[in-house]
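Presented below is the structure to which this report refers.
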Amino acid sequence: MSETPTWPAPGTPTDPTVPPPAPAKKSHKKRNIIFAVVGGLFIIGLASGGGSSGSGNSDNDPPSTGAKTGSGAGGVESNQAPRSSPAAADFELTKCSSSEAFGTVLPDVEVTITNHSSKRSNYSASVNLLDSSGNKVGEGFLASNNVEPGQSATESVAATASRDFSTCRIVSVNRYAS
């Protein structure tokens, strides 16, 4: 003789009005840590200029051949943008100075962008800060959007420096039609 199955199955509630227990929530701790690490590495790579598709110079190239724009506060010299692309003519370093507060170097770098193209354009540039020996001691980045043809925009460079610098050098420039 065969056994008859018991109804309901063992372990199920007998009262149909009682909802089943909620499933346990998954912990996404490992996934979140991995995303944070990968995101951090990506941001560090962008900040250091890695993966740049701009038409600029490397950190070890000699200073650009553009005209000097004079000395900023503290005798800081400025070099013009590299002339390796048509967009380079749109960039001019207009301020390259520094101050110090609580033992920290505070770069004060500005670039004027003049749109010489026939279309409204977006711009970006990377700037290296060099000591008197030509060693890179800091870097910065700027972006300007929707600059109309024939118009100019002056942008502050978001820069950091590990110690005092004597020269600012635009090392890569990009121009995109908006």
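Does ALA87 satisfy the condition of being part of a loop (DSSP other than H, G, I, E, B), modelled with pLDDT under 90 and aliphatic (A, V, I, L, M)?
For ALA87, the condition - part of a loop (DSSP other than H, G, I, E, B), modelled with pLDDT under 90 and aliphatic (A, V, I, L, M) - is not met.
Surrounded by fewer than 21 Cβ atoms within 10 Å (Cβ to Cβ), farther than 17 Å from THR112 by Cα and not β-branched (Val, Ile, Thr), is that true of ALA177?
When the stated conditions are applied, ALA177 passes them.
Among residues belonging to the range 156-171 that are open to solvent by 50 Å² or more (accessible area, probe 1.4 Å) and of a type outside the set (Lys, Arg), point out the one that is farthest from ASP108 (Cα to Cα).
So the residue we want is SER162.
What residue, among those in the range 137-150 that are among the polar types (S, T, N, Q) and under 15 Å from ALA87 (Cβ atoms), is surrounded by the most Cβ atoms within 10 Å (Cβ to Cβ)?
Selected residue: SER144.
Can you name the condition, by its number, that VAL109 falls short on among (1) aliphatic (A, V, I, L, M); (2) modelled with pLDDT under 90; (3) in a strand (DSSP E or B)?
Against the list (1) aliphatic (A, V, I, L, M); (2) modelled with pLDDT under 90; (3) in a strand (DSSP E or B), VAL109 comes up short only on (2).
Name the single residue that is farthest from the chain's Cα centre (by Cα) among those in the range 106-118 being buried (at least 18 other Cβ atoms within 10 Å of the Cβ) and under 17 Å from PHE141 (Cβ atoms).
ILE113
Hey, can you tell me all the residues within the range 119-136 that are open to solvent by 10 Å² or more (accessible area, probe 1.4 Å) and either closer than 22 Å to LEU106 by Cα or in a strand (DSSP E or B) (or both)?
Residues satisfying the conditions are ASN122, SER124, SER126, ASP131, SER132, SER133, GLY134, ASN135, LYS136.
The values are calculated or read from the model by the stated rules, or taken from the named source; none is laboratory data. Everything quoted here is computed from the prediction, not taken from an experiment. As a convention, Cβ positions derive from the backbone with ideal geometry for all residues, glycine included, and neighbour counts pool all protein chains shown. What goes into the accessible areas is simple: the full protein's heavy atoms, side chains included, and nothing from ligands, DNA or RNA. Shrake-Rupley method; radii C 1.70, N 1.55, O 1.52, S 1.80 Å.
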